[in-house]
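Notes follow once the structure below has been shown.
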Amino acid sequence: YCIPIIDAMHKLVGPELTAYLLESKMVEILSVGFLRGRNIEDSWLIIDEAQNLEVNECKAAFSRVANGAKVLFSADPGQCDLPIKQNSCIPTALEKLQGVSSVKFVHFDKNDIQRHKALKEILEAWEK
């Protein structure tokens, strides 16, 4: 689960700085299950692939947030890998957290794709 994040870090800041950030623990990569008992203070908590979290895991992650922390959930509901897709926390979060003043949602669609130029056409064909 770490490889895509490390790949992105290499692209953004290079392999040397990536190694330094990880070794110094300025950046930690871990599974949501390892957040239990921790307080995330004055830091960013970035949860990637959040569509694969169940509601109880999402609530557990939010409960770790302390003073000065910010949380970013990145999710693509169309790529949910849960055996029962309805258990994904994303629809529940969208419904229950809408209107909470400290929560903001940003929605992307195929027009926001930054990968290969053919991907937009492929996704459009797939949706037909």
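Observations on the model:
- Residue within region 90-105 that is surrounded by 10 or more Cβ atoms within 10 Å (Cβ to Cβ), farther than 20 Å from Pro4 by Cβ and in contact with a Cys (Cβ under 8 Å, 6 or more places away or on another chain) present: yes
- There is at least one residue in region 80-88 that is among the acidic types (Asp, Glu) and in a loop (DSSP other than H, G, I, E, B).
- Top-ranked residue of region 74-113 - restricted to ones that are among the β-branched types (Val, Ile, Thr) and within 14 Å of the chain's Cα centre (by Cα), ranked as nearest to Val32 (Cα to Cα): Ile90
- Among residues of region 68-79, those that are part of a loop (DSSP other than H, G, I, E, B) and either open to solvent by less than 40 Å² (accessible area, probe 1.4 Å) or closer than 22 Å to Asp109 by Cα (or both), counted: 4
- Top-ranked residue in region 106-128 [being among the β-branched types (Val, Ile, Thr) and either out of contact with any helix residue (DSSP H, G or I) (no Cβ under 7 Å at 6 or more places or on another chain) or closer than 14 Å to Pro77 by Cβ (or both); ranked as surrounded by the fewest Cβ atoms within 10 Å (Cβ to Cβ)]: Val106
- Residue tally, condition open to solvent by 70 Å² or more (accessible area, probe 1.4 Å) and assigned to a strand (DSSP E or B), over region 41-53: 2
- The numbered conditions (1) within 17 Å of Asp81 (Cβ to Cβ); (2) at pLDDT 95 or above; (3) of a type outside the set (Gly, Ala, Ser) are all true for Tyr20 except (1).
- Residues located in region 55-67, provided they are surrounded by 16 or more Cβ atoms within 10 Å (Cβ to Cβ), of a type outside the set (A, V, I, L, M) and not in a helix (DSSP H, G or I): Arg64
- Selection within region 1-26 - in a helix (DSSP H, G or I), open to solvent by less than 80 Å² (accessible area, probe 1.4 Å) and hydrophobic (A, V, I, L, M, F, W, C): Ile5, Ile6, Ala8, Met9, Val13, Leu17, Ala19, Leu21, Leu22
- Within region 27-38, the residues that satisfy the criterion of being over 17 Å from the mean Cα position of the chain (by Cα) and either surrounded by 11 or more Cβ atoms within 10 Å (Cβ to Cβ) or at positive phi (or both) are Gly37, Arg38.
- When residues of region 89-128 are limited to those that are among the basic types (Lys, Arg) and assigned to a helix (DSSP H, G or I), the one modelled with the highest pLDDT: Lys96
The values are calculated or read from the model by the stated rules, or taken from the named source; none is laboratory data. All of these numbers come straight from a predicted model, not from anything done at the bench. For neighbour counting, all protein chains shown are included, and Cβ atoms are generated from backbone atoms with ideal geometry for every residue, glycine included. Each accessible area value is taken on the protein alone, full model and side chains, heavy atoms only, with ligands, DNA and RNA left out. Shrake-Rupley method; radii C 1.70, N 1.55, O 1.52, S 1.80 Å.
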